[in-house]
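See structure below.
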Amino acid sequence: MKKSCLLFAGLALSCSVFAQKNYLEESKAAKTQRMQWWHDDTFGMFIHWGLYAVPAGTYNGKDGGAEWIMETHHIPTAEYEKYAAQFNPQQFDAKKWVSIAKAAGAKYIVITSKHHDGFSMWDSKVTNYDIVDATPFKRDVIKELADACKSAGIKFGLYHSIMDWHHPNANPKQKPAQKPDFAKYREEYLKPQLAELIKKYDPAILWFDGEWISEWTEEQGKDLYNYLRALKPSLVINNRISKARGGMEGMNKYENAAGDFGTPEQEILKTNSQDYWESCMTINNNWGFVKNDQNWKSAETLINNLIDVAAKGGNYLLNVGPNAAGEIPAPSVERLGEMGVWLKQNKEAIYSTNSLENYKEGDHIRFTQGKDGKTTYAIFNKQENNEISIATIQPKKGSKTYLLGLNQPLNWTSNNGKVLVKLPAELPGKYAWVLKIQDAASKAK
Ligand code: FHN
């Protein structure tokens, strides 16, 4: 081969090696296209499940901590590892869990592949501290759930903690004598585990957490974001891969941070946002299973949260904490089922909708808008005298107004800028109702 060809080949190689695409420079249009399914789906089921389900919130007779129990009670690693020998969730049924999510109207699932305790809930080649090698159960629950989601047409996502209390190079307390080599943990453990999760289970979402540790930096977040998007360009990744999250409010404190969406936790944004965001919330008070936590939010509260989130342009990721037997607590299943009944009747006001600048009127009316930009949904959870008055939107003359769940159009009048809609004596369903108003204009804020 002539020298010139060798030179060209060498240049081409060197360019290709250094021409790694920077996914952080993705255009707004490309990001919109990549995120569209996620934004349309609106509602996901979060699952926090791991060894912490064995103690279930109580250690040595003392309550406290759920998925944080190892830290809360300062359980020595060797002591905590013993839970692996007790973890044998014979009632685990991935298809059943997916059917619960579908019955709720959840369109995606995000399950903990590894929480802060460092235990891997899949058959990892990077460690034996995993569900197949370290427990009598010996089944790869991540694989079983990924397969069940795929069969059921539900998107599959993984929660993965950057913080790792078990790995000696990630936890200074593990071996005080030696200075942990966090870079070694990141390059030889964290990244290889994420690569095998992507390769083996093809998640659509990666949901990071534990980014607050001092060892983690924005630069490492950007590097990891590009590493992962290069492995799977369509991945949707939350903002906890970076350092930008402003506490539990969850939105970025600064621009150009790594990650695709903000992550308010146990709260909903106070107003609407055109940024991508997802509120994650528990149904009782804990993420992981706690046998004594019976403080369940009502179905009415959960449905009104979903409505509020959708009206503000966000997603709602609602958590279940399965027990050590592999069962999702019945009170969670009941509430999720009621959400599904409500969504079955009113789903077009929630999925694939956009937020309006005027997303609410008073405390009892929220608005969403169909992608056609003409259909407005007025979602109300209180009415008097079988009528509802709305000032925020102005249906065009001749436009039709329906109540979702009933077929015949409703009578409405417009007077002094207010629309008065007569409601039937019996409203279909419970908790909240949807007026579908075709060809309506929303007043500017
Ligand atoms: O420390 C975690 C906690 O255990 C849980 O996983 C929540 C849910 O996202 N995130 C962290 C607390 O902000």
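The values are calculated or read from the model by the stated rules, or taken from the named source; none is laboratory data. In this text, all values refer to a predicted model and were calculated from it rather than measured experimentally. Glycine gets a Cβ as well: all are built from the backbone with ideal geometry, and neighbour counts include every protein chain shown. Note: accessible area is taken over every heavy atom of the protein model, side chains too, but ligands, DNA and RNA are not part of it. Shrake-Rupley method; radii C 1.70, N 1.55, O 1.52, S 1.80 Å.
Please compute the alpha carbon radius of gyration of the range 137-182, then divide it by the globular-protein estimate 2.2 N^0.38 Å. Two decimals is fine.
Normalised Rg, Cα atoms only: 1.78.
Compute the distribution of all C-alpha to C-alpha distances in the range 33-99, in bins of 5 Å from 0, and list the percent of pairs in each, rounded to whole numbers.
For the range 33-99, the binned pair fractions read 3, 13, 19, 17, 12, 11, 10, 8, 5, 1, 0 percent.
Can you pull the Kirkwood radius for the range 69-208, inverse mean 1/r over Cα pairs, to one decimal in Å?
16.0 Å
Tell me, Kirkwood radius of the range 155-241 from alpha-carbon pair distances, in Å?
By the Kirkwood definition, the hydrodynamic radius is 13.4 Å.
What is the Cα convex hull volume of the range 235-278 when expressed per residue in Å³?
Roughly 73 Å³ of hull volume per residue.
How far is the Cα center of the range 74-134 from the Cα center of the range 349-385, in Å?
Using only Cα atoms to place each centre, the spacing works out to 38 Å.
Quick one: which of 70-78, 205-213, 387-395 comes out on top by average Cβ neighbours within 10 Å, and what's the full order, highest first?
205-213, 387-395, 70-78
Explain nothing, just the number: relative contact order of the chain, from Cα pairs under 8 Å at least 6 residues apart, as a whole percent.
Over the chain, the number comes to 15 percent.
Divide, for the range 171-316, the radius of gyration over alpha carbons by 2.2 N^0.38 Å, where N is the residue count.
So the Cα radius of gyration is 1.19 times the expected 2.2 N^0.38 Å.
Determine which residues of the range 223-239 fall in the zone a paramagnetic label at residue 33 would reach in this model, i.e. backbone nitrogen under 19 Å from the point 7 Å along Cα→Cβ.
229-237
Determine the shape class of the range 356-442: with a ≥ b ≥ c the square roots of the Cα gyration tensor eigenvalues, call it rounded for a/c under 1.5, and otherwise prolate if a/b is greater than b/c, oblate otherwise.
rounded
Between the alpha-carbon centers of the range 301-336 and the range 46-68, tell me the distance in whole angstrom.
19 Å
How would you order 119-129, 422-432 from highest to lowest mean count of nearby Cβ atoms within 10 Å?
Ranking the peptides 119-129, 422-432 by packing returns 119-129, 422-432.
Grab the DSSP H runs of the chain that are 4 residues or longer, score each as -39,500 (n - 2.57), total them, divide by all residues and round the 222 nm result to the nearest 500 deg cm²/dmol.
Calculated mean residue ellipticity at 222 nm is -9000 deg cm²/dmol.
Calculate log10 I(q)/I(0) of the range 6-352 for q = 0.10 Å⁻¹, where I(q) comes from the Debye formula with a single equal point scatterer on each Cα and nothing for solvent.
-0.59
Using a 1.4 Å probe over the heavy atoms of the protein chains, calculate the carbon and sulfur portion of the accessible area of the chain as a whole percent.
Accessible surface attributable to carbon and sulfur in the chain totals 53 percent.
Around residue 141, under 11 Å between beta carbons, what's the net of Lys plus Arg minus Asp minus Glu among the other residues?
So the surrounding residues net to -3.
Would you mind computing Rg(Cα) / (2.2 N^0.38 Å) for the range 279-389, counting N as its residues?
That ratio works out to 1.21.
With an 8 Å Cα cut-off and a minimum separation of 6 or more residues, compute the relative contact order for the range 356-442 in percent.
Answer for the range 356-442 is 36 percent.
Show me, for the range 408-420, the HN-Hα J-couplings you get by feeding each phi into the Karplus relation (A = 6.51, B = -1.76, C = 1.60, θ = phi - 60°), rounded to Hz, glycine and proline as x.
Rounded to whole hertz, the list is 6, x, 9, 7, 9, 10, 10, 8, 6, x, 10, 9, 10.
Could you tally the net charge around residue 320, taking each other residue with its Cβ under 15 Å from the Cβ of residue 320, Lys/Arg +1 and Asp/Glu -1?
Counting the neighbours of residue 320, the net charge comes to -1.
Between 317, 410, 158, find the one with the highest GNM mean-square fluctuation for the chain; connect C-alpha pairs within less than 10 Å.
Of 317, 410, 158, the Gaussian network model singles out 410 as fluctuating most.
Work out, in µm²/s and without decimals, the Stokes-Einstein translational diffusion coefficient of the range 17-137 at 37 °C, 0.692 mPa s, Rh from Kirkwood over C-alpha pairs.
So the translational diffusion coefficient is about 189 µm²/s.
Might you tell me the accessible area per residue for the chain, computed with a 1.4 Å probe and given in Å²?
44 Å²
Quote the relative contact order of the range 296-358 in percent (integer), defining contacts as alpha-carbon pairs under 8 Å separated by 6+ residues.
45 percent
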